[in-house]
Amino acid sequence: MTQNILIIEDEEKIARVISLELEYEGYQSDIATSGKEGLELFQKGNWDLILLDVMLPELNGMEVLRRIRSTDTYTPVILITARDSVVDKVNGLDQGANDYITKPFQIEELLARIRACLRTNAIYQKEEEEEQLQAGDLTVNEKTRDVIRRGEAIELTPREFDLLVYLLRNKQQVLNREQILTNVWGFDYYGDTNVVDVYVRYLRRKVDYPFNTPLIHTVRGVGYTLKEQA
Ligand code: CA
């Protein structure tokens, strides 16, 4: 799949040279020649990486970076600093830039940094995928706390979420009420195991009933199990 790189650089000659080199390396790229235009393109497009010049008209690169990071902590940003300014580099990294390169630079060095950033990001992406728990058409992301079934987002309370995660982590296994209570409510919970039944009921109402295919099953006399097939 072709990777898209957004170049935000007001010196058009430099931007064009970078763009051509990127194309030659098999990337797709777009050029914005001001901070404002850069932000607009950033919001419209689907970018794998952003090259961001610090010295820009209208909005400077630091401000552009700050605004990008206020909504997107994920897309790698490489700063291009005109001067060998330690302040810019430190500020940039503090604001969430992944790397920087100082003008004038060799294109090979820039390409190497781009490759490194994209590689690191691919690893994060894989880790993120591994944080997903799944059963049938239900996916739960523990990091983002997104619960999605058949493409629909499901809102859960924190306790319901913890219960669902515990059931998913132990799917296909029959879990008794004490086990569930200890693992979801904690060792120090003093209360009736009935609370488990109550929360399983809440969970079923949100996760199972609207979708007709139950994932949570009652095992009579024992407890519950989450499995893909009845
Ligand atoms: Ca500039």
Charge dipole (debye, nearest 20) of the chain; +1 at Cβ of Lys and Arg, -1 at Cβ of Asp and Glu: 1060 debye
Among Val140, Thr120, Leu39 the positive-end extreme of the charge dipole of the chain (Cβ point charges): Val140
Rounded FRET efficiency, nearest 0.05, which uses the C-beta distance separating Tyr24 from Arg145 and R0 of 35 Å: 0.25
Lys, Arg +1 and Asp, Glu -1 on Cβ, resulting dipole of region 132-226 about Cα centre, debye, nearest 20: 220 debye
Base-10 log of normalised Debye intensity for region 1-57 (one unit scatterer per alpha-carbon) at q = 0.17, 0.25, 0.28 Å⁻¹: -0.47, -0.97, -1.15
Shape category assigned to region 4-130 from the gyration tensor of Cα positions, a/c cut at 1.5: rounded
Sparse-neighbour loop sites [trypsin sites (Lys or Arg not before Pro); region 83-119; at most 12 other C-beta within 10 Å; DSSP]: Arg83
Mean-position separation - Cα centroids, region 2-52 and region 160-214, in angstrom: 48 Å
Nearest-20 debye value, region 1-67 charge dipole, Cβ charges on Lys, Arg, Asp, Glu: 220 debye
For the chain, built as a Gaussian network whose Cα springs stay under 10 Å, the top-fluctuating residue of Ala153, Ala97, Ala32: Ala153
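If I take every Cα pair under 8 Å that is 6 or more residues apart in region 132-226, average their sequence separation and divide by the length, what percent do I get for the relative contact order? Working shown, then result.
Numbers: 109 pairs, mean separation 26.0, N = 95.
Over region 132-226, the number comes to 27 percent.
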Relative counts (whole %) of C-alpha pair distances in the chain, using bins that are 10 Å wide: 7, 27, 21, 13, 16, 13, 3, 0
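Read-outs throughout are calculated quantities, based only on the coordinates presented, and are distinct from any laboratory measurement. Please read these numbers as outputs of a predicted model, since none were measured by experiment. So basically every Cβ, Gly included, is an ideal-geometry build from the backbone, and we count neighbours across all protein chains shown.
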